[in-house]
1. How much accessible area per residue does the chain have, counting only protein heavy atoms and a probe of 1.4 Å, in square angstrom?
2. Counting Lys +1, Arg +1, Asp -1, Glu -1, what net charge surrounds Ala184 among other residues with beta carbon under 11 Å of its beta carbon?
3. How much of the accessible area of the chain, in percent, comes from carbon and sulfur atoms when a 1.4 Å probe is used?
4. Most fluctuating residue of Arg44, Arg101, Arg77 in a GNM of the chain with Cα springs under 10 Å: which is it?
5. Going out from 0 in 10 Å bins, what whole percent of all Cα-Cα distances in region 275-378 drops into each bin?
6. Hey, in the GNM for the chain with a 10 angstrom Cα cutoff, which one of Asp195, Asp266, Asp220 fluctuates hardest?
7. I'd like the distance between the alpha-carbon centres of region 143-178 and region 310-378, rounded to an integer number of Å.
8. Based on DSSP, what percent of beta bridges with both residues in the chain are antiparallel, to the nearest 5?
Amino acid sequence: MKIALVLDDSIDRTDGVQQYVLTLGGFLARAGHEVHYLSSSAERTDVTVHSLARNVGVTFNGNGLRIPLPASRRGIREVLESERYDVIHVQTPHSPLFAARVVDEARRLFGDDVRIVGTFHILPDGAVSSWGTHLLGRVLRRNLRRFDAFCAVSAPAAEFAASAFGIAARVIPCPVDVTGFGAAAAAAERVPGEDGRLVVAFLGRLVERKGVLELVHALDALPVAVQDRIDVRIGGKGPLLGALEAAIEVSALARVSLPGFVAEDDKAAFYADADIAVFPATGGESFGIVLVEAMAAQAGRGTGMVLAGANPGYLSVIGDDARVSVDARDAEAFAATLERLIADADLRAELHAEQAERVRRFDVETVGAQVLELYAAR
């Protein structure tokens, strides 16, 4: 098949939707399909990209992102007529000014000869973003009828898709190269905590909903004797860096490192070095790619476990298990969970084994086969 993966943002960025598209596209290419990416302005040349719009930056759902300016319908038609895709796979919610135009023109040109599917990615973190997404659903109502099928990255995302867009979406999780992350972690030399201390690590954007300040507050609430047993590593960059540094400065924590941005090639080793990898997002997560990546890396290394924020998207990945999820806004409970995990090596080993088994369901080979079923269904 000839497949177009469509997203409103640039393919060059490293956010979750781009990871989804590139991981899925890699699987499809390995399976023998021809894969193109229809996106806004992009510079990468290692894949076939058609850049059909320019972007402007906005903040939505607690996240910085870019949305397209109006794309030329003529330019879209020229690409579609030249390439004649069998499947057009759109990442939704999508812009009326770009991806919706791709859908409109494809249906107008090829009728039922092209299969158009969508993946729903979003779960709002508050009333404003929820209201905005519902409004977008009303704007796109006619365009949505031109799709053949939808999937959503989690059950909570599927429920919100039904509410906001009026669509029925099959749950197909985000694909992650679980085997690749495990192999990269196994090959990397471990950097343990100094003097036998456990490593507690966070990696993510330094924005409010990712819960990094809540993590510092919970660690600060630990007894000094427990703090003495850990090294804390907080990777990532973002607007909260100054507030994070200030919170660490006034805390009782003695051993905290801030390595900043962690490159894609170094993520597996960073995750795998953690005895406890903590991702305490407070909301706005439709899935949890970072959880899958960390569990995959730790499975490859053979040690470590993941603790996640108890938001619906993360729970769809980690499971509804109070041993590995926490309300990050409850500093006392958060600290108690951390203290229990730090103290109990047997519990960490048990959770590691469970997560190493659980993560296999998110491997790109498994998920990719489900996406191909969506493409083939009639």
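The values are calculated or read from the model by the stated rules, or taken from the named source; none is laboratory data. On a predicted model such as this, the values are computed, not experimentally measured, just so you know. Glycine gets a Cβ as well: all are built from the backbone with ideal geometry, and neighbour counts include every protein chain shown. Accessible surface areas use protein heavy atoms only, side chains included; no ligands, DNA or RNA. Shrake-Rupley method; radii C 1.70, N 1.55, O 1.52, S 1.80 Å.
1. 42
2. Charge balance in the 11 Å sphere: -3.
3. Ligands and nucleic acids excluded, carbon and sulfur reach 51 percent.
4. Arg44
5. 15, 44, 28, 9, 3, 0
6. Its mean-square fluctuation being the largest, the pick is Asp195.
7. 20
8. 10
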